[in-house]
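Input: a single structure, listed below in structure tokens.
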Amino acid sequence: MPESTDSNNYKLTVVIPMYNEEAGAAECVRRVDKIVSEMGCQYELIFVNDGSRDKTLDVLIGAKQNNPHVRVIDLSRNFGHQLAIRAGIEHSTGDALIVIDGDLQDPPELFPELVKKWRDEGFDIVHARRKTRQGISAFADARAKLFYQILSSISSVDIPRDVGDFRLISKPVIETLKTMREQQPYVRGQAAWVGYPSTIIEYDREKRFAGEPQYTLVKLLHLCFSGIFGFSRMPLRLGIYLGLILFAVGILFVVLLIIFKNRIIGWAPSVIATVFVGSLQFFAIGIIGEYLAIVLDHSRGRPLYVVKREY
Ligand code: UDP
Ligand code: MG
């Protein structure tokens, strides 16, 4: 291990969510520990066991006995990837934190580069963007790209595309994230929401080292919903937009009625009335949506603003 100098006088936390990863857990500990120990800083590796039903916990506890840097947070049941990450963030004690998946799809070999962007270039958030994704079907790849595209076009904050949870965040960001105690967190959105100078590095996503993907379609849908409903008011505004469209259709019908009044069929006025009543109902739903958005913002309790520094 290189000798500790001033330039590596900091503590790094690595947060690794684990769900049914018994086949790859030992290799994950070994590979992550090798990279971080070579960086010469103080460090802790926080493995969050997210209610695994296999021997993941035993493997992690075994690793902890041989390695004082390993911490194991065992959740009472499966809470899902995002909450496992939250648990890791909330238990961290480092000056910076890197989140990485436990299946070694994200290369720990990028850690020095992530840390360099933080330490030498002053970025508080360093996202890692997937340039390519190995080991998933073209359909799944296209599906992921489409989701990131939709989210980034309707989201109220600029959430970088094709960026998962593999990122470095500095202490001020960690502290701000800890205050964001919302239900169904979408950590990628929260990390963008807090602000602070951020940058992106690119990498090729590898195949899983072992085991099966733990994201079922249902879990993936929940993740998409957390992203969309957590960071966009667009769905709540649909009522108002649909109301407007329907109202315009109603006006068009009225104009047609005036132009073709001789040839108009008997039921046309009742269709027009239905369209106008429908548009009013959508409007009413839209207005409720706007109030709901305010209540939702209030109950989420995100900070109103984040001060980076006072001069
Ligand atoms: N994971 C978790 N809880 C879950 C599902 C997944 O902690 O309910 C972990 C899993 O062990 C892995 C990471 O989250 O470390 C990403 O999961 P996965 O590899 O299945 O997702 P993908 O790479 O397919 O997006
Ligand atoms: Mg994976």
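Bear in mind that the values in this text are calculations on the coordinates, not laboratory data. Note that the structure is a prediction, hence the values are computed from the model and not measured. FYI the Cβ positions are ideal-geometry reconstructions off the backbone, even for glycines, and counts take in every protein chain you see.
Yes or no: Gly62 touching a Leu at 6+ places or on another chain (Cβ under 9 Å) and in a helix (DSSP H, G or I)?
Numbers: touching a Leu at 6+ places or on another chain (Cβ under 9 Å): no; in a helix (DSSP H, G or I): yes.
Considered against the rule, which asks whether it is touching a Leu at 6+ places or on another chain (Cβ under 9 Å) and in a helix (DSSP H, G or I), Gly62 comes out as no.
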- [ ] May I ask you to list the residues in the range 263-300 that are assigned to a loop (DSSP other than H, G, I, E, B) and small (Gly, Ala, Ser)?
- [x] Gly266
- [ ] Would you please name the residue that is farthest from the chain's Cα centre (by Cα), looking only at residues in the range 211-245 that are within 30 Å of Phe282 (Cβ to Cβ) and of a type in the set (Gly, Ala, Ser)?
- [x] Gly243
Task: Residues of the range 17-40 that turn out to be under 24 Å from the mean Cα position of the chain (by Cα) and either under 15 Å from Glu109 (Cβ atoms) or assigned to a loop (DSSP other than H, G, I, E, B) (or both), as a count - done: 5
Open item on the list: Tell me yes or no: at least one residue of the range 167-185 is on the phi > 0 side of the Ramachandran plot and away from ligand 1 (no atom under 12 Å from the Cβ).
Closed with: yes
Task: Boolean, Val72 is within 16 Å of ligand 2 (Cβ to nearest atom) and either out of contact with any Lys or Arg (no Cβ under 9 Å at 6 or more places or on another chain) or within 27 Å of His222 (Cβ to Cβ) (or both) - done: no
Task: Which listed residue is away from ligand 2 (no atom under 16 Å from the Cβ), among the small types (Gly, Ala, Ser) and either touching a Cys at 6+ places or on another chain (Cβ under 7 Å) or farther than 26 Å from Trp118 by Cα (or both), from Gly195, Gly189, Gly239 - done: Gly239
- [ ] Report yes if Ile35 is touching a Pro at 6+ places or on another chain (Cβ under 8 Å) and within 18 Å of Asp101 (Cα to Cα), otherwise no.
- [x] yes
Task: Residue that is nearest to ligand 2 (Cβ to nearest atom), among those in the range 198-225 that are within 25 Å of Ala96 (Cα to Cα) and among the hydroxyl-bearing types (Ser, Thr, Tyr) - done: Tyr203
